[in-house]
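Reviewing the structure listed below.
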Amino acid sequence: VRVSIDEAIEGARAIGAKRILLQLPDGLKPDVFHIYDRLRSEFSVIVSSEPFYGACDIGSPEVYSRVDAVIQLGHSEMPNVDYPKPVFFVEARINSEIQIPPDSLLQLKDAGYRKIGLLCSIQYIDLMNRLALMLPELGLVPVIGKQDARMKYPGQVIGCNFSAAHSVAADVDCFLVVSTGKFHGIGVQLSTEKPVYILDMNMKSLVPMQEETDQFVRKRYARISRALDARKFCVVVDTKIGQFRIKLANVILDQIRKLGLEGVLCYTNDVKPSDYENMRCDAVIFTGCPRVSIDDEQKFSMPILTPVEFQLLFGFKRSNRYIMDEIVAVDRLDSDWLSN
Ligand code: SF4
């Protein structure tokens with residue numbers, strides 16, 4: 001993984017920052033001593049040891065209000081998030097010299113596809129241009145979709161936003177996704193209904209996502225349908241800067257009340273199962289990061305649903321297929337949450 005903090009240091013210097021909050025994802029935490037040392041010669045530094053998973057999270061106001069700027073390692077900026085302090089994003093990119101054997105891509109041609117939508121998570125974004133050059137040599141046409149305002153790069157994918165896939169879904173035969181894990185592949189398949197292949201960089205092979213996706217949907221319905229008997233719901237808003245969806249939470253609350261059921265609006269910056277167990281609620285609807293409801297469901301004793309899952313289950317949204325929760329834009333933390 002390639003990380004250079006020089007630009008971030010220059011940026012912080014240019015705005016005259018004296019106090020810096022440093023955020024590192026778990027994968028880069030082993031570098032903390034070295035980076036801290038570099039920063040400390042010039043700035044007063046607070047290191048956040050809390051976990052974070054995206055540019056949607058710059059920590060709690062108690063901490064970031066004490067600094068002049070934030071240096072965040074790992075992710076790319078979310079252009080439509082209104083950060084309250086200057087944030088310098090140091091993207092972690094996997095070394096672009098990684099070899100992709102052309103043979104691994106032939107599977108797409110053998111399956112009869114021609115136009116291939118390319119999608120990469122931030123770590124692999126440098127591979128996009130390489131893939132775009134390789135595909136025509138195999139008689140395939142690369143297509144890179146335009147991202148929406150939550151994303152920085154064309155063709156970029158994150159766990160809560162597949163806009164670059166939506167923008168070209170009608171023009172491609174299938175998608176090729178380069179990322180770690182399978183979540184992005186499943187998300188793209190569900191949100192576009194196109195065949196999706198993940199380029200597994202360890203195995204250097206393509207993995208079709210259809211079976212995983214079918215399994216995912218079956219498991220999800222089994223989990224969320226337990227909420228059909230629920231009477232008491234906690235509708236939870238996450239106060240992380242890029243996850244804050246108070247307006248949506250209020251829509252869901254109204255819908256719960258229309259059903260004659262009980263709903264309580266909760267705020268958190270750290271969603272913990274025990275909090276909702278203590279409230280004796282029957283189900284949680286979490287409007288923050290969609291991955292919490294999906295990846296952490298086992299930790300909760302009650303069903304935890306994304307907002308759109310609730311709407312599908314209770315008939316507020318009509319669709320003959322499962323819909324993945326996506327975040328397009330968030331509400332402003334300072335003014336909006338107080339007025340609701
Ligand atoms: S909301 Fe979740 S999926 Fe989206 S960027 Fe943040 S951590 Fe990642």
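The values are calculated or read from the model by the stated rules, or taken from the named source; none is laboratory data. Worth saying up front: this structure is predicted, and the values here are computed from it rather than measured. Every residue, glycine among them, receives a Cβ derived from its backbone with ideal geometry; neighbour counts consider all protein chains shown. Surface areas here come from the heavy atoms of the whole protein model, side chains and all, with no ligands, DNA or RNA. Shrake-Rupley method; radii C 1.70, N 1.55, O 1.52, S 1.80 Å.
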Asserting the computed 222 nm helical MRE of the chain (DSSP H runs at least 4 long, -39500 (n - 2.57) per run, divided by residue count, to nearest 500) equals -9000 deg cm²/dmol
Once the in-chain neighbours fewer than 8 apart are removed, the aspartates and glutamates whose Cα is under 19 Å from LYS258 read ASP229, ASP282, GLU309
Ranked output for segments 110-123, 269-282, 236-249 by mean other Cβ atoms within 10 Å, highest leading, reads 236-249, 110-123, 269-282
Whole-Å distance linking the alpha carbon centroid of the range 12-75 with that of the range 277-340 is 29 Å
If amide H atoms are modeled at 1.01 Å from N in the peptide plane, then the residues at a separation of 5 or more from ALA55, or on another chain, having amide H under 5 Å from its own are SER76
Surpassing 25 Å at the alpha-carbon level, of the pairs LYS247/LYS317; LYS115/LYS182; LYS115/LYS219, are LYS115/LYS219
About its Cα centre, the range 99-236 carries a charge dipole, from +1 on Lys and Arg Cβ atoms and -1 on Asp and Glu Cβ atoms, whose size in debye to the nearest 20 is 660 debye
Computed over the Cα atoms of the chain, the Rg and Dmax in Å are 21.2, 60
SASA check, MET201, accessible area w/ 1.4 Å probe, all protein chains in place, rounded to nearest 10 Å², comes out at 20 Å²
Percent relative contact order for the range 276-340, counting Cα pairs under 8 Å at least six residues apart, stands at 26 percent
Note, ALA170: beta-carbon cut-off 12 Å, +1 each Lys/Arg, -1 each Asp/Glu, net -1
For the chain, percent of DSSP beta bridges that are antiparallel (nearest 5) comes out at 15 percent
A correct Karplus calculation of ³J(HN,Hα) over the range 301-314, with 6.51 cos²θ - 1.76 cosθ + 1.60, θ = phi - 60°, whole Hz and x for Gly and Pro, returns 7, 10, x, 10, 10, 7, x, 6, 5, 4, 5, 5, 5, 9
Result for the range 108-175: accessible area per residue, probe 1.4 angstrom, in square angstrom, of 38 Å²
The size of the Cβ-based charge dipole (Lys, Arg +1; Asp, Glu -1) of the chain about the Cα centre, to the nearest 20 debye, is 600 debye
Out of LEU140, MET128, SER44 - ranked by how far each Cα lies towards the positive end of the dipole of the chain, with unit charges on the beta-carbon of charged residues - the top one is LEU140
Expected vector for the range 16-27, Karplus 3J(HN,Hα) from phi with 6.51, -1.76, 1.60 and θ = phi - 60°, integer Hz, x for Gly and Pro, equals x, 5, 10, 10, 10, 9, 9, 10, 10, x, 3, x
Along the range 155-169, Karplus-curve 3J(HN,Hα) (6.51, -1.76, 1.60; θ = phi - 60°) to the nearest Hz, with x for Gly and Pro, reads x, 6, 10, 10, x, 10, 7, 10, 4, 5, 6, 4, 5, 10, 3
In the neighbourhood of GLU326 defined by beta carbon distances under 10 Å, the net charge of the other residues (Lys, Arg +1; Asp, Glu -1) is -1
Any lysines whose Cα falls less than 27 Å from that of LYS18, other than same-chain ones fewer than 8 residues away, would be LYS29, LYS85, LYS240
By accessible area (1.4 Å), largest first, ASP214, ASP148 order as ASP214, ASP148
Fraction of alpha-carbon pairs in the range 184-340 farther than 23 Å apart, rounded to whole percent, equals 40 percent
Heavy-atom accessible area of the range 212-340 with neighbours in place, 1.4 angstrom probe: carbon+sulfur share in percent works out to 49 percent
Free-by-geometry Cys in the chain, Cβ-Cβ under 4.7 Å as pairing rule, reported as CYS56, CYS120, CYS160, CYS174, CYS266, CYS289
